[in-house]
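To keep things clear, I will list the structure first and then write my remarks on it.
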Amino acid sequence: MDYIKRCWAEIDLSAVEYNVTEYKKLLPAGTELMYVVKAACYGHDDSLIVPFLQEKLGAEYFAVADLDEAIRLRGMGISGDILILGYTLPEYAPLIAKHNVIQACTDLSYARELSKNAEGTVRVHGAVDTGMTRIGVHGTAEEQAAELSEIAATPNIALEGIFTHFSSADGTAQADDDYTNMQAERFFRVRDLLTAGGIELKHAHIKNSAGGAYGFGEGSTLARLGIIMYGLYPDPAKPLPFEPKPVMTWKAVVSQVKWIDAGTAVSYGRTFVSDRRMKLATITAGYADGYPRALSNKGEVIIGGKRCRICGRVCMDQFMCDVTDLPDIRSGDEAILMDAEMNADHLAALTGTIGYEITCGISPRVPRVLIHNS
Ligand SMILES: *Cc1c(COP(=O)(O)O)cnc(C)c1O
């Protein structure tokens, strides 16, 4: 394989396939998948995963964060629909059309700006704000439908669909369920008003990973599947109908092994001082790889099948861990930073964030490599 083993991430496509296959079983007939591949597939490397989705899984709908990512997908030979979920400056309207990308349309003024700059038709999905309060037409359902109708009537703009985004479909409280159902009701009311007004929509979509997994927003034409495809939970506090398989195994190498005496200070700031004679290993990964510094004195790595606790602060490119119980460890051994069990959700729980942020934060200097190409 064509990469240097210092700190790398192994990507298992059979896990992607498993997660997608199991997830599809949860969707009602008539709901198709839109694969959310923004942020380089949540840090997993879109160039490894996206072609597989099209060629092996028959994916026809993709969602990205920006125009750059959309053009990148076209460069990979992706021929299906690509929706930009975020904002693109109106001056790029000709590029959006040239690459046959669908732009999320935040409101009427944006549609008019796109229209002014367009050279040809710009395809859009109208964003409907039903309670996320991020992007989308705002106001009562009647006002929203009226604004969307004006977007549909804007020259050079083809309103092909509408969508909204759940804020709390992964929540564990009854109030979260109530809010999510309120969002869905609002959304379908806007859709019905548009339909009654004679506006034909190819798509009206509302489900994210959690929405699809927990059965919210039935009637959505698409489920925008993100985090569960990568084998992580929308929220680990809320069980899923199936156990997704984490797609990434993150690895580094043992660079040095040594015994230290009791009372030895380890790493920057001397936040760890040994209370006994112990064996330490140095690992070739650090926060410049995206390994959180917040795991200092907290995280663990797996070496030779055993969990080893991090000692002292995580440095930019290295950190130390306790390997006293590993008699055979030597430099050059592999150290697992993250695997299916000790996964991104686990690291996130230790550092007060979410699995999404952990995998998205793995830096570009970490090569992503395929370990299974089914
Ligand atoms: C990121 C995103 C998704 C995917 O969310 P997951 O929780 O990863 O499934 C879906 N829809 C929109 C609008 C998004 O921004």
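The values are calculated or read from the model by the stated rules, or taken from the named source; none is laboratory data. These figures come from a predicted structure and were not determined experimentally. Don't worry about glycine lacking a Cβ; one is built from the backbone with ideal geometry, like all the others, and counts go over all protein chains shown. Areas reflect the complete protein model, heavy atoms only, side chains present, ligands, DNA and RNA absent. Shrake-Rupley method; radii C 1.70, N 1.55, O 1.52, S 1.80 Å.
The residue list Thr154, Thr133 contains one member that is open to solvent by 60 Å² or more (accessible area, probe 1.4 Å), of a type outside the set (A, V, I, L, M, F, W, C) and either outside any strand (DSSP E or B) or free of Cβ contacts under 8 Å to residues at least 24 places away in the same chain (or both), which is Thr133.
Taken over segment 1-15, the criterion of being under 25 Å from the mean Cα position of the chain (by Cα) and within 9 Å of Val369 (Cβ to Cβ) is satisfied by Tyr3, Trp8, Ala9, Glu10, Ile11. For segment 219-256, taking the residues that are of a type in the set (Gly, Ala, Ser) and more than 28 Å from Thr282 (Cβ to Cβ), the one that is nearest to the ligand (Cβ to nearest atom) is identified as Gly226. Applying the selection to segment 176-190, what residues are open to solvent by 70 Å² or more (accessible area, probe 1.4 Å) and without any contact (Cβ under 8 Å) to a residue 12 or more places away in the chain? Answer for segment 176-190, where residues must be open to solvent by 70 Å² or more (accessible area, probe 1.4 Å) and without any contact (Cβ under 8 Å) to a residue 12 or more places away in the chain: Asp178, Glu185. Cβ-Cβ distances below 6 Å connect no pair with a first residue in segment 48-70 that is open to solvent by 50 Å² or more (accessible area, probe 1.4 Å), a second residue that is modelled with pLDDT under 95, and a separation of six or more residues or different chains. Candidates are the residues of segment 12-34 that are of a type outside the set (Ser, Thr, Tyr) and touching a His at 6+ places or on another chain (Cβ under 6 Å); the one that is nearest to Met248 (Cα to Cα) is Asp12.
Scanning segment 52-79 for residues that are touching a strand residue (DSSP E or B) at 6+ places or on another chain (Cβ under 7 Å) and part of a helix (DSSP H, G or I) yields Leu53, Leu67, Ala70, Leu73. When segment 31-77 is filtered for residues that are within 16 Å of the ligand (Cβ to nearest atom) and among the hydroxyl-bearing types (Ser, Thr, Tyr), the ones remaining, listed by number, are Thr31, Tyr35, Tyr42, Tyr61.
Taking segment 308-374 as the region of interest, the strands (runs of 3 or more DSSP E) fully inside it that hold 2 or more residues being within 29 Å of Ile260 (Cβ to Cβ) are 319-322, 334-338. For Phe52, the stated conditions do not hold, so it cannot be described as of a type in the set (Phe, Trp, Tyr) and under 15 Å from the mean Cα position of the chain (by Cα). The residue of segment 337-369 that is nearest to Met320 (Cα to Cα), among those that are away from the ligand (no atom under 16 Å from the Cβ) and open to solvent by 50 Å² or more (accessible area, probe 1.4 Å), is Leu350. Here segment 190-218 is the region considered, the condition is being over 22 Å from His138 (Cβ atoms) and within 13 Å of the ligand (Cβ to nearest atom), and the residue that is farthest from the chain's Cα centre (by Cα) is Tyr214.
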